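Trainee: Provided herewith is a single structure, encoded as structure tokens, for subsequent inquiry.
The values are calculated or read from the model by the stated rules, or taken from the named source; none is laboratory data. These numbers were taken from a predicted model, which means no experiment stands behind them. Quick reminder, even Gly has a Cβ in these numbers, built from the backbone with ideal geometry, and neighbours come from all protein chains shown.
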Amino acid sequence: MALRLPPGRRGVLPSQYLHQAIAAGAVSAGPFTIPAANVQPASLDLRFGEVAYRIRCSFLPDRQTVEAKVKDHVIDEIDLHRDGAVLETNRPYLIPLKERLALPPGVRGKANPKSSTGRLDVFTRVITDESYRFDEIADGYEGPLYLEVVPLSFAIRVREDLSLNQLRLSVGRTQLDDDELRAFHAEEPLLFKQGEPVPAGELAVAGGMFLSLDLRGDDAGGVGYRARDNAPLLDLTRTRAVEPEPYWEPVRREAGGERVVLTPQRFYLLMSDEAVSIPPTLASEMTAYDPTSGELRTHYAGFFDPGFGYDPDARFFGSRAALEVRAHDVPFMIEHGQRVCKLTFEHMMEAPATLYGQGIGSSYQQQEETLSKHFVRPPTTSG
């Protein structure tokens, strides 16, 4: 069976075409079945295979296969069956994924961490054979997929079939340029503040739309969380949410000001001031942003599927984005309204059969809390 895409159509493949790609063998998992639940509105969850390799350094294969290149770097082989295994902080691991690709000509891929992955400060990126770039999967690629995993704040327990990353497939030119973004926002707003579309004159557009920080926070001045040092093991194999206190300490704005001074190399979870709405005809990606000074890094790259923050009945207007922030070498002051990350937008090939949040177990629709789904959500104090 061949993957049949509409001739002349461009855009990100929606869920119905991802199902077709699986049926046609363009995406497969060898002797394993790809669960239907792993197909999201515009992406596919990728699963750990049976083993992980602790490696001494990160690498790119360039003109070699990953299997050939990694042989010089393996320190240990780890079994991910049954109870899984512990991945220690600040050590790189390479994990063969169950899914492999046989993309037809004209179809390319891109991978990104799932939202929960970034919120746990777990750095991940996909590697393919004969590639010189992470997360970018070449047009017509045929071969296996591997995931590099580096836990940064917490040691984590993982096992076979865990999913930390997602894959998107696309055809042709997909990204909206700045003029297209402004025109789309005028017709169907993409960013909101206090339930109102952000006025055209207040949009910051440059290869995407910039988001700013909310450092007003709640009535107690709480604006987010900072990862604790020497936290306990975080078990990602368990579905029961854990208490956040051993892992996170609250962050409050400074007295008398809407600002926070970041401690170097510490990981923060904060919230965007704007709410984002992704309509059915678009997909979005959060891109990491480094100011020219190089002192601040915000947000691991991540996908926003069609339907995030979107309600056709106008019962709510957008969902705010969780922002992952780390200062580099010196203390760095951030202020309310500071622009710290960027959303790029892509055309969908067609609207997905099911949108984000529509009864598919989406975890972050209308979120007002930055913690990942792994933690018990604390009671909020509205601001």
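Trainee: GLN194 is checked against (1) on the phi < 0 side of the Ramachandran plot; (2) not assigned by TED's automatic domain parsing to the domain that holds SER28 and fails just one. What number does that condition carry?
Mentor: GLN194 satisfies all of (1) on the phi < 0 side of the Ramachandran plot; (2) not assigned by TED's automatic domain parsing to the domain that holds SER28 except (1).
Trainee: Would you point out the residue of the stretch 149-181, among those that are in contact with a strand residue (DSSP E or B) (Cβ under 6 Å, 6 or more places away or on another chain) and charged (D, E, K, R), that is farthest from GLY8 (Cα to Cα)?
Mentor: Filtering the stretch 149-181 for residues that are in contact with a strand residue (DSSP E or B) (Cβ under 6 Å, 6 or more places away or on another chain) and charged (D, E, K, R), the one farthest from GLY8 (Cα to Cα) comes out as ARG157.
Trainee: Of the conditions (1) buried (at least 18 other Cβ atoms within 10 Å of the Cβ); (2) in contact with a helix residue (DSSP H, G or I) (Cβ under 8 Å, 6 or more places away or on another chain); (3) of a type outside the set (Val, Ile, Thr); (4) at pLDDT below 95, LEU191 satisfies every one except a single condition; which number is it?
Mentor: Only one criterion in (1) buried (at least 18 other Cβ atoms within 10 Å of the Cβ); (2) in contact with a helix residue (DSSP H, G or I) (Cβ under 8 Å, 6 or more places away or on another chain); (3) of a type outside the set (Val, Ile, Thr); (4) at pLDDT below 95 is unmet by LEU191, namely (4).
Trainee: Follow-up question, since we're still on this one. Across the stretch 288-309, which residue is modelled with the lowest pLDDT among those that are surrounded by fewer than 17 Cβ atoms within 10 Å (Cβ to Cβ) and at negative phi?
Mentor: Going residue by residue through the stretch 288-309, those that are surrounded by fewer than 17 Cβ atoms within 10 Å (Cβ to Cβ) are 288, 290-295.
Narrowing the set further to residues that are at negative phi leaves 288, 290-293, 295.
On the way: ALA288: 69, ASP290: 60, PRO291: 59, THR292: 57, SER293: 51, GLU295: 63.
Taking the candidates together, the pick is SER293.
Trainee: Select the strands (runs of 3 or more DSSP E) contained entirely in the stretch 117-210, then report the ones holding at least 3 residues which are polar (S, T, N, Q) and under 30 Å from ALA231 (Cβ atoms).
Mentor: Working: elements: 122-128, 142-151, 156-158, 163-171, 191-193.
Fully inside the stretch 117-210 and qualifying: 163-171.
Trainee: Kindly list the number of the only condition in (1) modelled with pLDDT of 90 or more; (2) under 22 Å from ALA206 (Cα atoms) that fails for PHE332.
Mentor: With (1) modelled with pLDDT of 90 or more; (2) under 22 Å from ALA206 (Cα atoms) applied to PHE332, the lone miss is (2).
Trainee: Then there is this: If we scan the stretch 75-83, do we find a residue that is buried (at least 18 other Cβ atoms within 10 Å of the Cβ) and either under 27 Å from GLY172 (Cβ atoms) or in contact with a Ser or Thr (Cβ under 8 Å, 6 or more places away or on another chain) (or both)? Spell out how you get there, then give the answer.
Mentor: So in the stretch 75-83, the residues buried (at least 18 other Cβ atoms within 10 Å of the Cβ) come out as 80.
From what is left, the residues that are either under 27 Å from GLY172 (Cβ atoms) or in contact with a Ser or Thr (Cβ under 8 Å, 6 or more places away or on another chain) (or both) are none.
No, the stretch 75-83 has no match at all.
Trainee: Now for a different question. Given the criterion surrounded by fewer than 20 Cβ atoms within 10 Å (Cβ to Cβ) and out of contact with any Lys or Arg (no Cβ under 6 Å at 6 or more places or on another chain), identify the matching residue among PHE154, PHE134, PHE123. First the steps, then the outcome.
Mentor: Numbers: PHE154 fails: surrounded by fewer than 20 Cβ atoms within 10 Å (Cβ to Cβ); PHE134 fails: out of contact with any Lys or Arg (no Cβ under 6 Å at 6 or more places or on another chain).
Unique residue meeting the criteria: PHE123.
Trainee: So, one more: Give PRO144, PRO151 a once-over and let me know the one that is in contact with a helix residue (DSSP H, G or I) (Cβ under 8 Å, 6 or more places away or on another chain), assigned by TED's automatic domain parsing to the domain that holds PRO31 and not small (Gly, Ala, Ser). Don't jump to the end; show me each part of the working.
Mentor: Values: PRO151 fails: in contact with a helix residue (DSSP H, G or I) (Cβ under 8 Å, 6 or more places away or on another chain).
Answer to the check: PRO144.
Trainee: Give all pairs with beta carbons closer than 9 Å in which a residue from the stretch 329-340 that is closer than 19 Å to ARG266 by Cα and of a type outside the set (Asp, Glu) meets a residue that is at pLDDT below 90 and exposed (fewer than 14 other Cβ atoms within 10 Å of the Cβ); count only pairs at least 6 apart in sequence or on separate chains.
Mentor: Listed by first residue and then by second, the contacts come to PHE332/SER293; VAL340/PRO291.
Trainee: Which condition number in (1) exposed (fewer than 14 other Cβ atoms within 10 Å of the Cβ); (2) among the acidic types (Asp, Glu); (3) over 24 Å from PHE304 (Cβ atoms) is the one that GLU258 fails?
Mentor: (1)
Trainee: I would also like to ask the following. Taking the options GLU243, GLU254, name whichever one is at pLDDT below 95, outside the structural domain of ILE127 (by TED's automatic domain parsing) and touching a Phe, Trp or Tyr at 6+ places or on another chain (Cβ under 9 Å). Even if it seems obvious, please write down each step before you answer.
Mentor: Values: GLU254 fails: touching a Phe, Trp or Tyr at 6+ places or on another chain (Cβ under 9 Å).
The match here is GLU243.
Trainee: Quick check on the stretch 31-77: of everything there that is assigned to a loop (DSSP other than H, G, I, E, B) and in contact with a Lys or Arg (Cβ under 7 Å, 6 or more places away or on another chain), which residue is nearest to LEU355 (Cα to Cα)?
Mentor: We begin by selecting, within the stretch 31-77, every residue assigned to a loop (DSSP other than H, G, I, E, B); these are 31-35, 40-43, 49-50, 56-65, 71-73.
Going one step further and asking which of them are in contact with a Lys or Arg (Cβ under 7 Å, 6 or more places away or on another chain), we end up with 32, 42-43, 49, 59, 61, 73.
Numbers: PHE32: 26, ALA42: 9, SER43: 11, GLY49: 28, PHE59: 36, PRO61: 36, HIS73: 42 Å.
That would be ALA42.
Trainee: Now a separate question. Scan the stretch 52-75 residue by residue and report those that are within 19 Å of ASN90 (Cα to Cα), within 25 Å of the chain's Cα centre (by Cα) and of a type in the set (A, V, I, L, M). Outline the logic, then answer.
Mentor: Quick first cut of the stretch 52-75, residues within 19 Å of ASN90 (Cα to Cα) only: 52-60, 70, 73-75.
Within this subset, residues satisfying the condition of being within 25 Å of the chain's Cα centre (by Cα) are 52-55, 57-60.
Correct list: ALA52, ILE55, LEU60.
Trainee: Only one residue in ALA52, ALA42 is touching a residue at least 40 places away in the same chain (Cβ under 8 Å) and farther than 23 Å from SER131 by Cα. Which one? Working first, answer last.
Mentor: Values: ALA52 fails: farther than 23 Å from SER131 by Cα.
Checking each option against the conditions leaves just ALA42.
So that you can scan it fast, the table gives a plain yes or no per residue for (1) of a type outside the set (A, V, I, L, M); (2) surrounded by fewer than 13 Cβ atoms within 10 Å (Cβ to Cβ); (3) more than 21 Å from HIS336 (Cβ to Cβ); (4) at pLDDT below 95:
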{"site": "TYR146", "(1), (2), (3), (4)": "yes, no, yes, no"}
{"site": "ASP161", "(1), (2), (3), (4)": "yes, no, yes, no"}
{"site": "ASP179", "(1), (2), (3), (4)": "yes, yes, yes, no"}
{"site": "HIS185", "(1), (2), (3), (4)": "yes, no, yes, no"}
{"site": "LEU213", "(1), (2), (3), (4)": "no, no, no, yes"}
{"site": "ASP219", "(1), (2), (3), (4)": "yes, yes, no, yes"}
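Trainee: How about the stretch 220-275: which strands (runs of 3 or more DSSP E) wholly inside it have at least 1 residues that are without any contact (Cβ under 8 Å) to a residue 60 or more places away in the chain? I'd like the intermediate steps shown before the answer.
Mentor: Values: elements: 222-227, 248-252, 259-262.
So the answer is 222-227, 248-252.
Trainee: Among the residues of the stretch 80-116, count how many are among the hydrophobic types (A, V, I, L, M, F, W, C) and either in contact with a helix residue (DSSP H, G or I) (Cβ under 7 Å, 6 or more places away or on another chain) or not in a strand (DSSP E or B) (or both).
Mentor: Step one: list which residues in the stretch 80-116 are among the hydrophobic types (A, V, I, L, M, F, W, C), which gives 80, 85-87, 94-95, 97, 101-103, 107, 111.
After this cut, where a residue has to be either in contact with a helix residue (DSSP H, G or I) (Cβ under 7 Å, 6 or more places away or on another chain) or not in a strand (DSSP E or B) (or both) as well, the list is 80, 94, 103.
Adding up the residues that qualify gives 3.
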